[in-house]
Amino acid sequence: MANIIGVRFKKPGKIYFFDPNGEKIKQGEFVIVETSIGKEYGEVAIANRVISDEKLEKPLKKIIRVATKKDKIQHEENIKKEKEALKICEKKIKEHKLDMILTDVEYKFDRSKLLFFFKAEGRIDFRDLVKDLAAIFKTRIELRQIGVRDEVKRLRRKWSMW
């Protein structure tokens, strides 16, 4: 048996289980966790609960901490910076005359990585674009091509956040 909490990073979105690290955390609180792609700010969708080990993918990662006011401010700043990054990237796409449509931008919580999601008919050589973006944002840049289904999922999450 294991004590878990369920954390969601986007609404609606998949719930991931984490070890609450001995803390009592209520549904609706926010936490900072380490994921496979970096630190993330997420909302607790399932409060402390004990479940059987068979239902878990081991090893279960521990939360780093319950989010502070400073964390909330950083999360809100990240959202503002994402909007700015979207405009800058769209401008650079036009400058490089790339046949792609930017659909979303996402900063990792600690700003260690900036992800750009785009649609395109075929393969795109965006190496020069990545170099430009890395020079502007001074962080690791990742471009991810998405399909129609992926875009619909991302849009649903955005709409539900409003």
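The values are calculated or read from the model by the stated rules, or taken from the named source; none is laboratory data. Only a predicted model underlies this, so the values are computations on that prediction, with no experimental measurement involved. Note that each Cβ is placed from the backbone with ideal geometry, even for glycine, and that neighbours are counted across all protein chains shown. SASA here: full protein model, heavy atoms, side chains in, ligands and nucleic acids out. Shrake-Rupley method; radii C 1.70, N 1.55, O 1.52, S 1.80 Å.
At-a-glance table
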| item | result |
| --- | --- |
| Extension reserve of the LYS72-ASP128 stretch, reckoned as 0.36 nm per residue once the Cα distance is removed | 16.8 nm |
| Residue-normalised accessible area of the chain, given per residue in Å² at a 1.4 Å probe | 65 Å² |
| DSSP-defined antiparallel bridges as percent of all bridges, the chain, nearest 5 | 80 percent |
| Net charge dipole size for the stretch 20-88 [Lys, Arg +1 and Asp, Glu -1 on Cβ; Debye, nearest 20] | 200 debye |
| Which label in (i) 15.1, 48; (ii) 14.5, 42; (iii) 17.7, 56 gives the computed Rg and Dmax of the Cα atoms in Å | (iii) |
| Cα long-axis angle, helix 127-137 against the chain (0 to 90 degrees, to the nearest 10) | 60 degrees |
| Interchain or long-range residues, amide H under 5 Å from LYS62's placed H | ASP19 |
| Angle in degrees between helix 148-161 and the longest Cα principal axis of the chain, rounded to the nearest 10 | 60 degrees |
| Rg and Dmax of the stretch 1-95, Cα atoms only, in Å | 16.1, 56 |
| Mean ellipticity per residue at 222 nm, deg cm²/dmol - from DSSP H runs of n ≥ 4 across the chain, formula -39500 (n - 2.57) | -11000 deg cm²/dmol |
| Share of carbon and sulfur in the accessible heavy-atom surface of the stretch 1-70 [1.4 Å probe, %] | 52 percent |
| Among ARG127, ARG65, ARG140: highest mean-square fluctuation, GNM of the chain, C-alpha pairs under 10 Å | ARG127 |
| Given charges at Cβ of Lys, Arg, Asp, Glu: the chain dipole, positive-most of ALA2, ILE141, VAL44 | VAL44 |
| Point-to-point label distance, ILE136-PHE30, nm (Cα→Cβ direction, 7 Å offset) | 2.6 nm |
| Amide N proximity, the stretch 27-58 versus ILE79 label position 7 Å along Cα-to-Cβ, cut-off under 14 Å | 30, 41-43 |
| Dipole magnitude of the stretch 1-121, debye to nearest 20 (Cβ charges: Lys/Arg +1, Asp/Glu -1, about Cα centre) | 280 debye |
